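Structure, as structure tokens:
The values are calculated or read from the model by the stated rules, or taken from the named source; none is laboratory data. Model, not experiment: these values are computed from the prediction. Note that each Cβ is placed from the backbone with ideal geometry, even for glycine, and that neighbours are counted across all protein chains shown.
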Amino acid sequence: MKTVYERIKKIRDQLGISQVDFSERIFVSKSFYGDIEIGKKKVNDRIIFIISKQFNVNEEWIRTGKGEMFTDTPPDIRREQLLNIYNQLDGSLRDCLVEQSGILLKLQKGNDNKKGRFEKSPFKFGNGD
């Protein structure tokens, strides 16, 4: 990766999060962040510092591409999102989320040898056909 812009996009891709989620975590607007990814906005020291701290990324790697991308295990953004949702739910809906998660885990365990595809889903989609 030749540019700081490409490296920042690579960080976001590695984390598997959207531009919106990434921009919120580094305290810039989505449009500003989008402009960073395409090289229209300059990346200043403040943004590099925040990315480094928020996502455990090596500042030197962001600036130059030298060294390892991550200084420590990257944060599990999806887990954080799920916990945030869980914390916003009322008690009975929390119970429902835990129960549904258990069902999904059973489905996954039952389909481990089927390349991750579910033969039968207990959920009904669409108009119920």
Out of segment 54-66, which residues are surrounded by 12 or more Cβ atoms within 10 Å (Cβ to Cβ) and either touching a strand residue (DSSP E or B) at 6+ places or on another chain (Cβ under 8 Å) or not polar (S, T, N, Q) (or both)? 55, 56, 57, 58, 59, 60, 61, 62, 63, 65
Find all pairs meeting these conditions: Cβ atoms under 9 angstrom apart; at least six residues apart or on different chains; first residue within segment 51-64 and more than 18 Å from residue 2 (Cβ to Cβ) and in contact (Cβ under 8 Å) with a residue 60 or more places away in the chain; second residue surrounded by 15 or more Cβ atoms within 10 Å (Cβ to Cβ) and charged (D, E, K, R). none
Taking helices (runs of 4 or more DSSP H) that do not extend beyond segment 44-129, which have at least 1 residues that are in contact with a Pro (Cβ under 7 Å, 6 or more places away or on another chain) and either within 25 Å of residue 34 (Cα to Cα) or at pLDDT 90 or above (or both)? 45-55, 91-110
Within segment 67-87, count every residue that is over 15 Å from residue 22 (Cα atoms) and either touching a strand residue (DSSP E or B) at 6+ places or on another chain (Cβ under 8 Å) or among the polar types (S, T, N, Q) (or both). 6
Hits in segment 1-43 - residues which are small (Gly, Ala, Ser) and in a helix (DSSP H, G or I): 23, 31, 34
Only one of (1) surrounded by 14 or more Cβ atoms within 10 Å (Cβ to Cβ); (2) under 18 Å from the mean Cα position of the chain (by Cα) fails for residue 72. Which number is that? (1)
Are any residues in segment 1-33 on the phi > 0 side of the Ramachandran plot and not hydrophobic (A, V, I, L, M, F, W, C), and if so, which ones? 16
Report, ordered by the first and then the second residue, all pairs with beta carbons closer than 7 Å, sequence separation of six or more or different chains, a first member in segment 93-113 that is farther than 13 Å from residue 82 by Cα, and a second member that is exposed (fewer than 11 other Cβ atoms within 10 Å of the Cβ). 103/122; 111/117; 111/119
Residues of segment 1-49 that turn out to be surrounded by fewer than 16 Cβ atoms within 10 Å (Cβ to Cβ), closer than 17 Å to residue 61 by Cα and touching a Gly at 6+ places or on another chain (Cβ under 8 Å), as a count: 3
